[in-house]
Ligand SMILES: [Zn+2]
């Protein structure tokens with residue numbers, strides 16, 4: 001029976017590993033999904049900057065066209081100054097020219113502001129481009145990692161499943177049933193007892209029960225949580241990885 005308790009401890013370490021591996025296999029695709037979403041968000045930001053830039057360029061071209069037209073108008077009105085028939089006509093033309101020049105100066109200021117803004121958005125667009133590239137690389141790396149890890153996991157899983165079958169075949173049918181039942185109810189079935197305490201539920205167990213657990217000749221379950229108790233000092237820990 002002593003041997004059987006050791007088998008149970010090993011079986012549990014294996015089962016904990018298998019649970020963890022299965023969790024990991026679910027989490028890995030989630031990581032890829034998160035990376036994909038981050039990439040899509042970065043692409044969205046880049047697209048917004050591009051659109052913004054297009055709008056600003058359009059606005060700039062509009063203003064520059066207007067500036068040219070206004071310049072032509074000023075030239076035309078200046079030409080008419082010489083043909084003015086009266087003082088009134090002359091001062092009216094001067095007034096119009098002044099007002100056109102005012103509009104030109106205002107437009108020029110607006111174009112300068114626009115050019116500044118365009119430079120700014122161009123820098124933002126560059127940064128967004130860089131971010132997209134980084135996120136693409138990061139996603140590719142995550143995919144590669146995922147495939148590698150998955151392959152490793154699948155191989156190790158198969159080996160450990162076989163190992164598990166081997167362990168189970170050496171248990172009595174009754175012990176195996178107890179193990180599976182408690183595992184199903186409690187998450188894990190085997191737990192160490194220390195100083196008269198079950199380390200699964202932290203309840204104090206009767207001294208006689210503890211003595212029997214120490215002897216290790218029989219399968220003893222915690223009277224409170226039903227887990228199988230052991231006092232095996234060198235028990236293997238749950239496999240890291
Ligand atoms: Zn307990």
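Some values worked out for this structure:
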item: Residues that are more than 19 Å from residue 2 (Cα to Cα) and in a helix (DSSP H, G or I), drawn from the stretch 181-210; result: 181, 182, 183, 184, 185, 186, 207
item: Qualifying positions in the stretch 146-183 - within 16 Å of the ligand (Cβ to nearest atom) and surrounded by fewer than 16 Cβ atoms within 10 Å (Cβ to Cβ); result: 181
item: Test for residue 240: is it at pLDDT below 95, assigned to a loop (DSSP other than H, G, I, E, B) and away from the ligand (no atom under 16 Å from the Cβ); result: yes
item: Hits in the stretch 211-237 (condition: at pLDDT 90 or above and either within 20 Å of residue 19 (Cα to Cα) or in a strand (DSSP E or B) (or both)); result: 221, 227, 228, 229, 230
item: Single residue of 128, 235, 123 found to be surrounded by 13 or more Cβ atoms within 10 Å (Cβ to Cβ), more than 16 Å from the ligand (Cβ to nearest atom) and closer than 30 Å to residue 51 by Cα; result: 128
item: Per-region count, the stretch 200-218, residues closer than 30 Å to residue 159 by Cα and either within 14 Å of the ligand (Cβ to nearest atom) or surrounded by 21 or more Cβ atoms within 10 Å (Cβ to Cβ) (or both); result: 1
item: Single condition residue 195 does not satisfy, out of (1) over 23 Å from residue 19 (Cβ atoms); (2) away from the ligand (no atom under 12 Å from the Cβ); (3) touching a strand residue (DSSP E or B) at 6+ places or on another chain (Cβ under 7 Å); result: (3)
item: Any chance residue 187 is surrounded by fewer than 18 Cβ atoms within 10 Å (Cβ to Cβ) and either away from the ligand (no atom under 11 Å from the Cβ) or outside the structural domain of residue 149 (by TED's automatic domain parsing) (or both); result: yes
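The values are calculated or read from the model by the stated rules, or taken from the named source; none is laboratory data. What you see is a predicted model; the values in this text were computed from it and never measured. Ideal geometry is used to build each Cβ from the backbone, glycine not excepted, and the neighbour counts take in all protein chains shown.
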